[in-house]
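Presented below is the structure to which this report refers.
Derivation of every value follows stated rules applied to the coordinates shown; laboratory data play no part. Owing to the predicted nature of the structure, the values given are computational and were not obtained by experimental measurement. Cβ coordinates were reconstructed from backbone atoms using ideal geometry, including for glycine residues, and neighbour counts include every protein chain displayed.
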Amino acid sequence: MKRFFTIAAILVWVCPTPVAWSVQSEEEPMTLKQNVNVQASASFNRGLRLEKEGKWQEAILAFQEALRFEPHYGEACHHLGLAFGHLHQYPQAVEALKETVRLQPRWLAARENLGVALTKVGKWEEARAEFQEAVRLAPGRSEGHYLLGLALGKLGRHQEAMEAFAQAVKLQPNFVKAHNNLGMAYIKLDRWQDAAREFKKTISLKPDDAEAHYGLCAYYIKMGNQAAAAKEYKTLQRLDPKMAKKIADLLQK
């Protein structure tokens, strides 16, 4: 029995790599159109061009210049945060995105991106608050519920995480990452049959999803189904040898 609890412990929340930065959706109310001076607008547009070319450091300088001309320029502040994020300069990204949210508190993409940046610096409770607000702003958006579920899971609030992931897949039935993490939440709640159902659903949507095979392998080990576990393990060796090694190392203990 001890081994089964250990298996549950190694099944971590499956975050996308990296967590995607959000963009303005067509459904999101556009509250951030501002009248800015010509110099600020020119610097901002130059930053956007540099951003598209992947020249993140140059884009940062352009957005910072725009903010010198127009300190309350929400869009420039937001793109500055994104540029810092793409360069993995997460504390600076958090600072810029916090200012964006201060300037535009109802901007959904800014809320989600601030939450993502906070996860990068390990501030999961602050991230949860941002994702919770994003869900309040757009309750019909599956990605918001998914991000909230990740934060809740990392905080050990597994029942609430399960509910968030369940809502995400209800809104978007083909949401692979949400199905996987819903399975992980069920395992944390010792609901192994429900977990297996979610991993199988993921595999039906994406047959080569390593995380789903990993979770299903753990489920079969838990159930004592050695033949099925061996089959999943063999698949996992092909898809992700590192994950397969985790299972092998565990079983040798």
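What the table shows:
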{"read-out": "Subset of the stretch 183-207 [outside any helix (DSSP H, G or I) and closer than 12 Å to F165 by Cβ]", "value": "L189"}
{"read-out": "Enumeration of residues in the stretch 173-184 that are surrounded by 21 or more Cβ atoms within 10 Å (Cβ to Cβ) and free of Cβ contacts under 8 Å to residues at least 60 places away in the same chain", "value": "F175, A178, H179, L182, G183"}
{"read-out": "Residue tally, condition farther than 16 Å from L114 by Cβ, of a type in the set (D, E, K, R) and either assigned to a helix (DSSP H, G or I) or touching a residue at least 60 places away in the same chain (Cβ under 8 Å) (or both), over the stretch 60-92", "value": "2"}
{"read-out": "Contacts under 9 angstrom Cβ, first residue in the stretch 221-243 being outside any helix (DSSP H, G or I), partner surrounded by 17 or more Cβ atoms within 10 Å (Cβ to Cβ), 6 or more apart", "value": "N225/Y219; D240/A210; D240/E211; D240/H213; D240/Y214"}
{"read-out": "When residues of the stretch 244-253 are limited to those that are among the basic types (K, R) and touching a residue at least 12 places away in the same chain (Cβ under 8 Å), the one farthest from A210 (Cα to Cα)", "value": "K253"}
{"read-out": "Residues of the stretch 197-220 that turn out to be under 23 Å from Q159 (Cα atoms), touching a residue at least 24 places away in the same chain (Cβ under 8 Å) and aliphatic (A, V, I, L, M), as a count", "value": "2"}
{"read-out": "Boolean, I187 is farther than 20 Å from K154 by Cα and touching a residue at least 60 places away in the same chain (Cβ under 8 Å)", "value": "no"}
